[in-house]
1. Step by step: first the residues of region 1-23, then only those that are of a type outside the set (D, E, K, R), over 15 Å from Ile77 (Cβ atoms) and part of a helix (DSSP H, G or I), then the one that is farthest from the chain's Cα centre (by Cα). Which residue is that?
2. Within region 104-114, track down each residue that is buried (at least 17 other Cβ atoms within 10 Å of the Cβ) and within 13 Å of the chain's Cα centre (by Cα).
3. Taking the stated definitions as given, is Val124 more than 28 Å from Ile9 (Cα to Cα), in contact with a Pro (Cβ under 7 Å, 6 or more places away or on another chain) and either buried (at least 21 other Cβ atoms within 10 Å of the Cβ) or of a type in the set (A, V, I, L, M, F, W, C) (or both)?
4. Evaluate the following for Pro92: is it surrounded by 18 or more Cβ atoms within 10 Å (Cβ to Cβ), touching a residue at least 24 places away in the same chain (Cβ under 8 Å) and not β-branched (Val, Ile, Thr)?
5. Restricting to region 1-21, what's the tally of residues that are more than 14 Å from Phe44 (Cα to Cα) and small (Gly, Ala, Ser)?
6. Given the criterion modelled with pLDDT of 95 or more, under 17 Å from the mean Cα position of the chain (by Cα) and loosely packed, with under 15 Cβ neighbours inside 10 Å, identify the matching residue among Arg54, Arg33, Arg71.
7. Which residues, taken from region 167-189, are under 14 Å from the mean Cα position of the chain (by Cα), over 16 Å from Arg149 (Cα atoms) and in contact (Cβ under 8 Å) with a residue 40 or more places away in the chain?
8. Among the residues of region 1-21, write down those that are modelled with pLDDT of 95 or more and either in contact with an Asp or Glu (Cβ under 8 Å, 6 or more places away or on another chain) or of a type in the set (Asp, Glu) (or both).
Amino acid sequence: MRFSEIKQILASKTIGIAGAGGLGSNCAVALARVGIGKLIIADFDTIDEGNLNRQYYFYDQIGQKKVFALRDNIKRINPHTNVECHDVKLDPDKILELYSNCDVIVEAFDLAEAKQMIIETILVQLPEKPLVTGNGLAGWGFNNMIKTRKIVNLYICGDQYLEVSDHLPPLAPRVGIVASMQANQVLEILLGEPFIIKQNEDHS
């Protein structure tokens, strides 16, 4: 499938992203780069200097609301992606209000309680909706531990083991890998698995 065909398909799709931190900001940018038509992003947080080690923001954006700064950054990358921002703390009712009509939902929260809340809400209220989550992205190294696990319509990206702590902080490489895996999983859901043509290397 040519990139022009990919963009044509993705231009009609809407992706919900819950959280605009390390996972959410990087996943949103990856999806905008490939031509997703609309992103619905919700987060209530403000950018601080400590976010810059892993989140898609810039030093001069410190103090700004994440959702609005992310919208501005995406517009510089792909002005054709419609970014709908919500400066709000998500709860079950707001999740259903914002994301019920999305083609795929991406969970990008920091806190375990928030992750559990959105997973339970989607699995119970919108069981047919694909939900791509991130779990296990702290620290550095252990590339081969990072993978995707599927449970019905729930896709879990990460190593599902290394939790963030003072001695195992979230850093750009691993956070970026998992965020890109989430974006890549969204593409597989929307486009299907890539068709790979195996060429015969015997030219005799």
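1. So the residue we want is Ser4.
2. Filtering region 104-114 for residues buried (at least 17 other Cβ atoms within 10 Å of the Cβ) gives 104-109, 114.
Result: Val104, Ile105, Val106, Glu107, Ala108, Phe109.
3. Values: more than 28 Å from Ile9 (Cα to Cα): yes; in contact with a Pro (Cβ under 7 Å, 6 or more places away or on another chain): no; either buried (at least 21 other Cβ atoms within 10 Å of the Cβ) or of a type in the set (A, V, I, L, M, F, W, C) (or both): yes.
Judged against the criteria, Val124 is not a match.
4. Values: surrounded by 18 or more Cβ atoms within 10 Å (Cβ to Cβ): no; touching a residue at least 24 places away in the same chain (Cβ under 8 Å): yes; not β-branched (Val, Ile, Thr): yes.
When the stated conditions are applied, Pro92 does not pass them.
5. Total meeting the criteria: 4.
6. Numbers: Arg54 fails: loosely packed, with under 15 Cβ neighbours inside 10 Å; Arg71 fails: loosely packed, with under 15 Cβ neighbours inside 10 Å.
Only one candidate qualifies: Arg33.
7. Step one: list which residues in region 167-189 are under 14 Å from the mean Cα position of the chain (by Cα), which gives 174-189.
Retained after the next criterion (residues that are over 16 Å from Arg149 (Cα atoms)): 174-176.
Val175, Gly176 - these are the residues of region 167-189 that are under 14 Å from the mean Cα position of the chain (by Cα), over 16 Å from Arg149 (Cα atoms) and in contact (Cβ under 8 Å) with a residue 40 or more places away in the chain.
8. Of everything in region 1-21, those that are modelled with pLDDT of 95 or more and either in contact with an Asp or Glu (Cβ under 8 Å, 6 or more places away or on another chain) or of a type in the set (Asp, Glu) (or both) turn out to be Lys13, Thr14, Ile15, Ala18, Gly19, Ala20, Gly21.
The values are calculated or read from the model by the stated rules, or taken from the named source; none is laboratory data. Being a predicted model, the structure only gives us computed values, none of them experimental. Every residue, glycine as well, gets a Cβ built from its backbone with ideal geometry; the counts of neighbours run over all protein chains shown.
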